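The values are calculated or read from the model by the stated rules, or taken from the named source; none is laboratory data. Source: prediction; values computed, not measured. No Cβ is skipped: glycine too gets one built from the backbone with ideal geometry, and neighbour counts run over all protein chains shown. Surface areas here come from the heavy atoms of the whole protein model, side chains and all, with no ligands, DNA or RNA. Shrake-Rupley method; radii C 1.70, N 1.55, O 1.52, S 1.80 Å.
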Amino acid sequence: AVVGAGLGGSAAAYFLQQHFGPQVQLDVYEAAGVGGRLATVTVNKQQYESRGASIHALSLHMQDFVKILGLKHRREVAGKSAIFSGEHFVLEETDWYLLNLFRLWWHYGISFLRLQMWVEEVMEKFMRIYKYQAHGYAFSSLEELLRSLGGEAFVNMTQRSVAESLLEVGVTQRFVDDVIAAVLRSSYGQSVLVPAFAGAMSLAGAQGSTWAVEGGNKLVCSGLLKLTKANVISARVTGISLHSSEGRALYQVHYESTEGQGSAFYDMVVVTTPLHPSRSNFTFHNFDPPIADFPGAFQPSVTSVVHGYLNSSYFGFPDPKLFPFTSILTTDTPDLFFHAMDNVCPVNISAAFRRKQPQEAAVWRVLSQQPLDKHQLKTLFRSYYSVQVTEWQTYPRYDAAKALPPIVLHENLFYLSGVEWVASSMEMTAVAAKNVALLAYNRWHQDLEKIDQKDLMHKVKTEL
């Protein structure tokens, strides 16, 4: 059984079938809709991503899914970004690459180069995971996975802040306050106190080229489930109880659906929904020792998709025709009530599509911690036709993280969502899904040589 049909659940189902073979029977439980947080909203008969909007160019699993499913990359529509302090723009992008570099250098010295080197070093080590997974290696804990990629330094990066790590490599406080803070507010809705590893992943996405799926990123989830011919059960899982059969663990999954309560037995269960009390009231029965509660909290986060006329005067442009930006990030200023906003394109972009001019009514996605009140909407928009609000508890509250959650809850009971406490992105979820599938397979076949191996770089080279 796989609990949850978001990206984690659909990728786990796909990878489990890949390793165990087509004869494996897969039930996927989902209470809401397939796709989880990869959802869209409709404005004027067009669909727009409400979250999970962009994918980094180095996301190899996501690239694979798109290829296997015959999906396409969405056409890029260029636009410029700026960082707003609540009073003025602290940094503005231009059409000229060299001018952008000059502005960064003029404002911040070589901080941006030091940042780039730091992020590249982290990403280069992180990319080793694809080699390990291609050779069938898996990890029984998030700490072991991180250690295999970057040693103790990577584990430590989940315990200290991104600000501390960057100041250490010579990035200035001003660059951290202006640029790093703005990127983290737009991706995680949190401050520069997020752990260094989660910060590095978010900053890599901000620097590199990104892409999205034509038709919506959620098509990856429905596509993978169709491909695996998984049996999707529309029900909310309420708990799991342990039984044993001929010396092997047997798991009873309890669920509630529109038809009432039910349960079913499985040799193996992968839970991909967050097990934090604030997110799910999930119970475990007959486990000895009992499965402990998961500490930590989740960050409330609100997406407002607004169809209206931007109030460019608020940003210092009395004439809306002259407003040049399609994406506005914000610094960590107490009075600022939103984290970021961008002029979004629909999930289906035709060849004739053009972005609306700043003086025209356009669709904007505004990210904030609280729902926007009337006054705040009037501050950002001269007038608007519609507002669609989605409230999520999207990301872990990173400053509350002490230890990382386990992957193995019991013999053949696995937990996938803990990876979010390392970093939260579509690709991290796909990497975790592949790891859980390999771990489940290697444990089932008692292939311990493929689990938590030390010095993997050397091993993989000799295998080649």
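Taking region 230-260 as the search range and keeping residues that are hydrophobic (A, V, I, L, M, F, W, C) and outside any loop (DSSP other than H, G, I, E, B), which one is most open to solvent (accessible area, probe 1.4 Å)? Please lay out each step first, then the result.
Taking region 230-260 first, the residues hydrophobic (A, V, I, L, M, F, W, C) are 230, 232-233, 235, 237, 240, 242, 249-250, 253.
With outside any loop (DSSP other than H, G, I, E, B) added as a condition, the list becomes 232-233, 237, 240, 242, 249-250, 253.
On the way: V232: 67, I233: 39, V237: 13, I240: 0, L242: 31, A249: 10, L250: 41, V253: 0 Å².
Filtering first and then ranking leaves V232.
Quick one: would you say S368 is touching a His at 6+ places or on another chain (Cβ under 8 Å) and hydroxyl-bearing (S, T, Y)? Outline the logic, then answer.
Numbers: touching a His at 6+ places or on another chain (Cβ under 8 Å): yes; hydroxyl-bearing (S, T, Y): yes.
So S368 passes the test.
Given the condition closer than 23 Å to D342 by Cβ and aliphatic (A, V, I, L, M), answer yes or no: does some residue in region 219-239 qualify?
yes
Counting only residues that are assigned to a loop (DSSP other than H, G, I, E, B) and either β-branched (V, I, T) or farther than 29 Å from M268 by Cβ (or both), how many does region 1-58 have? Working first, answer last.
Of all residues in region 1-58, those assigned to a loop (DSSP other than H, G, I, E, B) come to 1, 4-6, 21-26, 31-39, 44-45, 50-54, 57-58.
Filter once more, keeping what is either β-branched (V, I, T) or farther than 29 Å from M268 by Cβ (or both): 24, 34, 44-45, 50-51, 53-54, 57-58.
Count: 10.
With respect to S263, is the statement that it is touching a strand residue (DSSP E or B) at 6+ places or on another chain (Cβ under 6 Å) and buried (at least 19 other Cβ atoms within 10 Å of the Cβ) true?
Values: touching a strand residue (DSSP E or B) at 6+ places or on another chain (Cβ under 6 Å): yes; buried (at least 19 other Cβ atoms within 10 Å of the Cβ): no.
For S263, the condition - touching a strand residue (DSSP E or B) at 6+ places or on another chain (Cβ under 6 Å) and buried (at least 19 other Cβ atoms within 10 Å of the Cβ) - is not met.
Would it be correct to say that G70 is under 30 Å from L38 (Cα atoms) and surrounded by fewer than 12 Cβ atoms within 10 Å (Cβ to Cβ)?
Working: under 30 Å from L38 (Cα atoms): yes; surrounded by fewer than 12 Cβ atoms within 10 Å (Cβ to Cβ): yes.
Yes: the conditions hold for G70.
Of all the residues that make up region 182-229, how many are hydroxyl-bearing (S, T, Y) and either touching a Cys at 6+ places or on another chain (Cβ under 7 Å) or assigned to a loop (DSSP other than H, G, I, E, B) (or both)?
Filtering region 182-229 for residues hydroxyl-bearing (S, T, Y) gives 186-188, 191, 202, 209-210, 222, 228.
When the remaining residues are screened for being either touching a Cys at 6+ places or on another chain (Cβ under 7 Å) or assigned to a loop (DSSP other than H, G, I, E, B) (or both), the result is 188, 191, 209.
Total satisfying the criteria: 3.
Does any residue of region 301-313 turn out to be touching a residue at least 24 places away in the same chain (Cβ under 8 Å) and assigned to a loop (DSSP other than H, G, I, E, B)?
The answer is yes; a qualifying residue exists.
Would you confirm, using the coordinates I've provided, whether D293 is touching a residue at least 60 places away in the same chain (Cβ under 8 Å), farther than 23 Å from R37 by Cα and surrounded by fewer than 18 Cβ atoms within 10 Å (Cβ to Cβ)? Break it down into steps so the answer makes sense when it comes.
Details: touching a residue at least 60 places away in the same chain (Cβ under 8 Å): no; farther than 23 Å from R37 by Cα: yes; surrounded by fewer than 18 Cβ atoms within 10 Å (Cβ to Cβ): yes.
Criteria not met by D293.
Check region 274-285 and report whether any residue there is touching a Gly at 6+ places or on another chain (Cβ under 7 Å), in contact (Cβ under 8 Å) with a residue 60 or more places away in the chain, outside any loop (DSSP other than H, G, I, E, B) and more than 30 Å from H445 (Cβ to Cβ).
No, that holds for no residue.
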